[in-house]
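*Asks:* The structure's right below; bear with me while I get my questions together.
The values are calculated or read from the model by the stated rules, or taken from the named source; none is laboratory data. Since we're looking at a predicted model, the values are computed, not measured. Neighbour counts are summed over all protein chains in view; Cβ atoms, including those assigned to glycine, are modelled from backbone coordinates with ideal geometry. All accessible areas refer to the heavy atoms of the entire protein, side chains included, with ligands and DNA or RNA removed. Shrake-Rupley method; radii C 1.70, N 1.55, O 1.52, S 1.80 Å.
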Amino acid sequence: MSLRIALLNAAHDGEDNRRNFRREVDADLVEYDVTERELPDSFAFDGCLVTGSRASVYWDEPWIADLESWVGDAIDEGLPFLGVCFGHQLLAHALGGSVEPMDDYEIGYRTVEHDGANPLLSGVDDTFTVFTTHSDHVAELPPGATQFAQNDYGVHGFRKEDVFAVQFHPEYDPETAADVASGKDLPDERIERVLDGITEENYRAACEAKQLFDNFTDYVRARQPAAGDPEQVASDD
């Protein structure tokens, strides 16, 4: 049976997110445009995914406050979460961590290291390639959270119980990477370097990190009670 996952799309123009996550995540994705204050009216999902955004989690915007409140309630209800970039930062903030601006913008294909102990990156090399684009970072982990991925720009992955989050963009295809880089307010020569780095070789290397989507859905499936379990029987009454 297919998983039912809430796709909390935080992009103001959500088409790239829609295409990329629907391609990569083996589940029935029920999409909500959270920038328009669309949120699920229940927690009847197997899990939730919070996407990237050009927004910062500390902005005083009603949709961000609404999203963080719903996410906090959903976590309390026991729903597993995966956050990407803005989603990573929003989950950290909702769980009591802190998010701050960075001194430098991280953008382009970069290497990240992980400790090999987290199921989200099972099967991924300890040092791996990813596309990054962010000017904020998780400056302080939530209480009780464990960092599992990092590079010289800081935290790139953390977990707290059933909540997983990564700063990088495993879902990006080359078209999205080029569109995002071209739209950044950065010096022309830096944007050109990033665009020059969007090669077939780098993209193929970054595809290794897409394994985390299957790892997340495997994790969510493993949490579900088996048919005939008392919990399952009770939920069907």
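*Asks:* If one computes the Cα centroid of the stretch 38-62 and of the stretch 143-219, what distance in Å separates the two points?
*Replies:* 19 Å
*Asks:* Further question on the same structure: Only bridges whose two residues both fall in the chain count here: according to DSSP, what percent of them are antiparallel, nearest 5?
*Replies:* 60 percent
*Asks:* With a 1.4 Å probe and all protein chains left in place, how much of the accessible area of the chain comes from carbon and sulfur atoms, in whole percent? Before the final figure, lay out each step's value.
*Replies:* Working: 4720 of 10980 Å².
Ligands and nucleic acids excluded, carbon and sulfur reach 43 percent.
*Asks:* While we're on this one: What chymotrypsin sites (Phe, Trp or Tyr not before Pro) does the stretch 1-59 have in DSSP loop regions with at most 10 other beta carbons within 10 Å? List each step's numbers first, then the result.
*Replies:* On the way: sites: Phe21, Tyr32, Phe43, Phe45, Tyr58, Trp59; in loops: Phe43, Phe45, Tyr58, Trp59.
The qualifying sites are Trp59.
*Asks:* Ok, one more. Considering only DSSP states other than H, G, I, E and B, which GluC sites (Glu not before Pro) in the stretch 122-190 qualify as loop sites with at most 16 other Cβ atoms within 10 Å? Show your work: numbers first, answer last.
*Replies:* Details: sites: Glu140, Glu161, Glu171, Glu175, Glu189; in loops: Glu161, Glu171.
Listed in order of number, the matching sites are Glu161.
*Asks:* Moving to a separate point now. What is the set of long-range amide H partners of Glu106 at a cut-off below 5 Å, with H atoms built 1.01 Å from backbone N?
*Replies:* His134
*Asks:* Rg and Dmax in Å for the chain, alpha carbons only: what are they?
*Replies:* 17.4, 63
*Asks:* Per residue, what accessible area does the chain have, given a 1.4 Å probe and all protein chains present, in Å²? List each step's numbers first, then the result.
*Replies:* Working: 10980 Å² over 237 residues.
Here the per-residue accessible area is 46 Å².
*Asks:* Can you give the charge dipole size of the stretch 136-221 about its Cα centre, rounded to the nearest 20 debye, using +1 on the beta carbon of Lys and Arg and -1 on the beta carbon of Asp and Glu? Please list the in-between numbers first.
*Replies:* Numbers: 8 positive and 19 negative charges, 80 e Å.
The dipole of the stretch 136-221 has a size of about 380 debye.
*Asks:* Sticking with this structure for a sec: Can you divide the C-alpha Rg of the stretch 1-134 by 2.2 N^0.38 Å and report the result to two decimal places? Could the numbers behind the result be given before it?
*Replies:* Details: Rg = 15.1 Å, N = 134, 2.2 N^0.38 = 14.1 Å.
With N residues counted in the stretch 1-134, Rg over 2.2 N^0.38 Å equals 1.06.
*Asks:* Multiply the residue separation of Ala44 and Glu208 by 0.36 nm, subtract the distance between their alpha-carbon atoms, and state the gained length in nm to one decimal.
*Replies:* Numbers: separation 164, 0.36 × 164 = 59.04 nm, distance 3.11 nm.
That pair, Ala44 and Glu208, stretches by 55.9 nm at full extension.
*Asks:* Report, in debye and to the nearest 20, how large the dipole of the chain comes out about its Cα centre when Lys and Arg carry +1 and Asp and Glu carry -1 on their Cβ.
*Replies:* Values: 17 positive and 50 negative charges, 67 e Å.
For the chain, the charge dipole is close to 320 debye.
*Asks:* Subtract the Cα-Cα distance of Arg22 and Glu161 from 0.36 nm times their separation in residues, and report this length gain in nm to one decimal. Before the final figure, lay out the partial values.
*Replies:* Working: separation 139, 0.36 × 139 = 50.04 nm, distance 2.52 nm.
Gain on stretching Arg22 to Glu161: 47.5 nm.
*Asks:* Residues with amide H under 5 Å of Ala165's amide H, sequence separation 5 or more or different chain, H placed in the peptide plane at 1.01 Å from N; which?
*Replies:* Long-range HN contacts for Ala165: Gly83, Phe158.
*Asks:* Taking the Cα centre as origin and putting +1 on Lys and Arg beta-carbons and -1 on Asp and Glu beta-carbons, what dipole magnitude results for the stretch 21-107, to the nearest 20 debye? Display every interim value, and only then the final one.
*Replies:* Working: 4 positive and 20 negative charges, 30 e Å.
Magnitude of the dipole: close to 140 debye.
*Asks:* Another question, then. Rounded to the nearest 500, what is the chain's calculated 222 nm mean residue ellipticity when only DSSP H runs of at least 4 contribute -39500 (n - 2.57) each, over all residues? Before the final figure, lay out each step's value.
*Replies:* Working: 8 runs with 79 residues, N = 237.
The helix contribution divided over the chain gives -9500 deg cm²/dmol.
*Asks:* Moving on. So if we plug the beta-carbon distance of Glu189 and Glu36 into 1/(1 + (r/R0)^6) with R0 = 22 Å, what FRET efficiency do we get, rounded to 0.05?
*Replies:* Numbers: r = 37 Å, r/R0 = 1.66.
About 0.05, to the nearest 0.05.
*Asks:* Give me the angle, in degrees from 0 to 90, between the Cα long axis of helix 211-223 and the longest principal axis of the Cα atoms of the chain, rounded to the nearest 10.
*Replies:* Its long axis makes an angle of about 10 degrees.
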